[in-house]
Amino acid sequence: MSESLQHVHKGLEGVIADTTAVSLIDGEAGRLYYRGYAVEELARKRFAEVMHLVVFGTLPDADRLQEVEDYLWIAGRLPPELAASLRQIARHGEHPMATLQAITSLLALEPPAISLGRSPQEEEALIVAARIPAAIATIYAALQDHPEHPYPSSRRYGERYLQLLHGRQPSPLEVSVFESAQILQLDHGFNASTFTARVVTSTLAPATSALSAAMGALYGPLHGAADQQALEMALEVGEPERAREFVAQCLATGRKVMGMGHREYRVVDPRSRMIRALAQQAAHRPEHIKLLDVLSAVDEAFIEQTREKRRTLRANLEFYKGVVYLALGIPKEFFTASFAAARVFGWVAHVMEQRQDNRIIRPTAHYVGPAPRALTQ
């Protein structure tokens with residue numbers, strides 16, 4: 001093997017591609033920080049507070065928080081023509097994430113008469129992020145073949161999101177659980193979708209293009225769509241008593257146990273512990289409690305049956321998240337879209353950061369094809 005080939009890092013694992021001040025992952029200790037604050041502490045705050053920290057670098061005071069929540073409420077309303085077009089696209093779409101990616105680059109059309117005083121590129125990105133919840137609700141209504149619910153009067157992000165989907169007033173517990181879950185998903189280093197956003201931004205393409213590309217990356221089952229697949233796995237297992245047999249079969253055949261393991265963590269993903277606690281708070285219906293029991297049994301069986309491996313895998317954020325979303329009335333087909341509604345603000349932060357000290361991202365490839373040769377007649 002040549003020396004250059006020895007330095008190929010498949011998947012860019014371990015490669016430091018750039019610097020960031022947005023989030024820090026301590027994989028050895030199992031800790032995650034946004035702008036220096038532990039995510040365990042931040043998850044108790046309002047979503048808009050932590051979003052402001054991730055995007056702008058500071059925790060807002062009360063006046064600034066009100067300004068930001070007013071902005072998200074005003075900017076978050078879809079223009080009527082855009083909503084009508086989205087509804088038509090959604091009816092012909094295969095999956096909500098495919099529709100959401102298709103519309104993302106258009107969500108900044110007809111900007112609202114409000115601003116946070118940022119550059120035009122940043123304002124466009126913020127408008128897209130603010131409108132994602134209404135876009136998701138419009139897609140959901142179209143697929144259910146019912147009209148969208150009236151735009152809520154609530155300025156609070158989590159309350160508005162759940163009202164847009166269901167047309168009812170959520171309980172304080174539902175709002176709190178949802179916002180905590182969304183906070184856990186705001187940012188996570190140079191993950192695939194975030195890195196995609198930075199690559200597109202590095203070409204000086206519009207921020208809307210970067211967000212659309214990131215949306216496509218999140219749709220992958222090895223990234224954001226693992227949440228839906230982990231829930232579907234639990235439905236397949238069916239009973240906690242079948243967990244040991246199911247895990248054994250997966251290990252014997254090489255099938256992935258979705259939601260298990262994360263490249264960044266050598267110990268348990270801290271978000272997994274927190275999302276499991278949120279699932280325990282939210283799961284009140286018998287079917288949701290049963291799903292949580294099934295996932296817990298799979299988790300325990302996986303740990304037991306892989307204990308002797310060199311690197312043990314543990315549950316990540318996606319493993320228990322489906323129970324939280326399902327208990328909040330979010331259908332499994334909309335799990336990844338709801339993930340996107342939070343992570344989009346992390347993408348915005350990275351788009352802004354990339355533009356501050358930009359150089360086009362263009363890695364080198366190690367060629368392994370045929371040697372140079374003449375074309376014979």
Have a look at the chain and give its Rg and Dmax from the Cα atoms, expressed in angstrom. 21.4, 76
The simple spin-label model distance between residue 376 and residue 16, using points 7 Å out along Cα→Cβ, in nm, is 5.0
Stretched out fully, how many nm does the piece from residue 253 to residue 85 gain, at 0.36 nm a residue minus the Cα gap? 56.0 nm
Once you keep just the Cα pairs under 8 angstrom separated by 6 or more residues, what percentage relative contact order results for the chain? 22
For the stretch 58-190, with the dipole built from +1 on Lys and Arg beta-carbon atoms and -1 on Asp and Glu ones, taken about the Cα centre, which of 182, 93, 121 lies farthest toward the positive end? 93
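For the stretch 37-158, what is the convex hull (Cα atoms) projected area averaged across all directions, in square nanometres? If you can, show how the numbers build up before the last one.
Numbers: hull surface 33.7 nm².
Convex hull of Cα atoms, orientation-averaged projection: 8.4 nm².
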Roughly speaking, what is the centre-to-centre gap between the stretch 311-377 and the stretch 276-307 when only Cα atoms are used, to the nearest Å? 26
Positive end of the dipole of the stretch 298-367, charges at C-beta (+1 Lys, Arg; -1 Asp, Glu), about the Cα centre: which of 361, 340, 305 has its Cα farthest in that direction? 361
Counting helices only, and only those DSSP H runs with n ≥ 4, report the 222 nm mean residue ellipticity of the chain as the sum of -39,500 (n - 2.57) divided by its residues, in deg cm²/dmol to the nearest 500. -17500 deg cm²/dmol
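What is the gain in length, in nm to one decimal, between residue 26 and residue 77 on full extension, counting 0.36 nm per residue of separation less the C-alpha to C-alpha distance? Let's see the in-between values first.
Numbers: separation 51, 0.36 × 51 = 18.36 nm, distance 3.77 nm.
Working it through step by step, the gained length comes to 14.6 nm.
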Loop only by DSSP, 16 or fewer other Cβ within 10 Å of the Cβ. Give me the trypsin sites (Lys or Arg not before Pro) in the stretch 277-361 that pass, ordered by residue number. 307, 309, 310, 311, 359
Ordering 292, 12 by the accessible surface of their heavy atoms, 1.4 Å probe, largest first, yields 12, 292
For 199, 237, the accessible-area ranking with a 1.4 Å probe, largest leading, is 199, 237
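Residue 94 to residue 367: extension gain in nm, 0.36 nm per residue of separation minus the Cα-Cα distance?
Values: separation 273, 0.36 × 273 = 98.28 nm, distance 3.68 nm.
Gain on extension, residue 94 to residue 367, equals 94.6 nm.
Which three numbers, in whole Å and largest first, are the semi-axes of the equivalent ellipsoid of the stretch 144-217 derived from its Cα gyration tensor as √(5λ)? Show your work: numbers first, answer last.
Working: eigenvalues 188, 56, 20 Å².
Value: 31, 17, 10 Å, ordered largest first.
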Amide N proximity, the stretch 103-138 versus residue 205 label position 7 Å along Cα-to-Cβ, cut-off under 18 Å: 103-109, 121-122, 124-126, 128-129
Using the structure shown, list the pairs from 290/321; 45/332; 45/290 with a Cα-Cα distance above 19 Å, or answer none. 45/332; 45/290
Taking 347, 73 and ranking on accessible area (1.4 Å, protein atoms only), highest first, one gets 73, 347
Sorted from largest down, what three extents in whole angstroms do the Cα atoms of the stretch 221-377 have along their principal axes? 69, 42, 34
Put a dot 7 Å past each Cα toward the Cβ at residue 235 and residue 44; how far apart are the dots in nm? 3.6
Round to a whole number: what % of the accessible area of the chain belongs to carbon and sulfur, probe 1.4 Å? 52
Any lysines with Cα under 19 Å of the residue 309 Cα? List them, leaving off those in the same chain fewer than 8 positions away. 256
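Find, to one decimal place in angstroms, the Kirkwood hydrodynamic radius of the stretch 275-331, where the mean of 1/r is taken over every pair of different Cα atoms and then inverted. Walk me through the numbers on the way to the answer.
Values: mean 1/r = 0.0836 Å⁻¹.
Across the stretch 275-331, the inverse of the average 1/r is 12.0 Å.
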Explain nothing, just the number: relative contact order of the stretch 16-63, from Cα pairs under 8 Å at least 6 residues apart, as a whole percent. 27
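Considering Cα pairs under 8 angstrom that are at least six residues apart, work out the relative contact order of the stretch 268-341 and quote it in whole percent. If you can, show how the numbers build up before the last one.
Values: 62 pairs, mean separation 33.0, N = 74.
Relative contact order for the stretch 268-341 comes out at 45 percent.
The values are calculated or read from the model by the stated rules, or taken from the named source; none is laboratory data. In this text the structure is predicted, and so the values were computed from the model without any measurement. No Cβ is skipped: glycine too gets one built from the backbone with ideal geometry, and neighbour counts run over all protein chains shown. Protein only, heavy atoms only, side chains kept; ligands, DNA and RNA dropped before computing areas. Shrake-Rupley method; radii C 1.70, N 1.55, O 1.52, S 1.80 Å.
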